[in-house]
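Contents: one structure, followed by commentary.
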Amino acid sequence: MWVQGVNITKVTDKKKRKQIDHLILEKESTLYFNDDLITTLVHTPQLEKELGLGYLLSHGYSVMNSDSFSFKDSSIRVNSSEEKAVFLKHSTIDRLDSSIVFSLTAFFQEAALLFKQTAISESAAIADDKTLLYKAEDLYQSNAFYKVLGQAVVQNESTFHDKILLLSAKCDSQLMKLCCRFHFKAILTRTAPTFQAVQMANDANILLIGFARGKRFNLYNKK
């Protein structure tokens, strides 16, 4: 269960009425890697294995073929003995046909089911040129990113240089730093990147697209 219904009073300038509002449930989990405490995450209570795997991978831990995973009493435990994964880099910035951007943006909006219920969640997805391969929602954009990354790990996805990352919120330097580890060929956000995020995308030869909504978008790369 991701949401909980609560009774509220809706007030307008003309009347008051009782109704049920759906609120997101929050959960706090502690993440361990090889029995070492890594961090505590506040998240929505779904895709918790994927959340843990994605967080670890994006912060440099080797979990592509984890030896074991367990979840108990709000503790996410991952054990792995493998070497660090190496992701292919881009020598040039790829291009996307505008029709692909429009299509993926539409799919992305349709997939935001939790947002349609609560209006406060963020989304992330990993796609190819045709469809969304992995998608997730959470209270925080970073967690949604970790979850789709973790889904890819579970499916033994080991390369992202030919994949597209979609985000619902801003793309700042902190998030871009994580994204650059995997060398996605493109990053699409429904809002805007920061100046530093654009610089980082250019340095990593990643196509960066903002305000991808409906039949329009902004292209931020200098090349």
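The values are calculated or read from the model by the stated rules, or taken from the named source; none is laboratory data. Predicted, not measured: the structure shown is a model, and the values here were computed from it. So basically every Cβ, Gly included, is an ideal-geometry build from the backbone, and we count neighbours across all protein chains shown.
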All but one of (1) under 29 Å from Leu31 (Cα atoms); (2) out of contact with any Leu (no Cβ under 7 Å at 6 or more places or on another chain) hold for Asn205; which doesn't? (1)
Going through segment 33-76 in order, the residues found to be basic (Lys, Arg) and either modelled with pLDDT under 90 or over 21 Å from the mean Cα position of the chain (by Cα) (or both) are Lys72
Selected residue (criterion: nearest to Glu48 (Cα to Cα)) from residues of segment 1-31 that are in contact with a strand residue (DSSP E or B) (Cβ under 9 Å, 6 or more places away or on another chain) and of a type in the set (S, T, N, Q): Ser29
Search result, residues across segment 1-10 that are within 21 Å of the chain's Cα centre (by Cα) and part of a strand (DSSP E or B): Val3
Of the residues in segment 179-194, those that are touching a Cys at 6+ places or on another chain (Cβ under 9 Å) and surrounded by fewer than 18 Cβ atoms within 10 Å (Cβ to Cβ) come to Thr191, Ala192, Thr194
Among strands (runs of 3 or more DSSP E) entirely inside segment 11-70, those with 3 or more residues being among the β-branched types (Val, Ile, Thr) and within 18 Å of Leu113 (Cβ to Cβ) are none
Take the residues in segment 92-110 that are hydroxyl-bearing (Ser, Thr, Tyr) and surrounded by fewer than 15 Cβ atoms within 10 Å (Cβ to Cβ); name whichever of them is modelled with the lowest pLDDT. Thr92
Can you pull out every residue in segment 1-24 that is under 22 Å from Leu139 (Cβ atoms) and either acidic (Asp, Glu) or touching a residue at least 24 places away in the same chain (Cβ under 8 Å) (or both)? Met1, Trp2, Val3, Asp21, His22, Leu23, Ile24
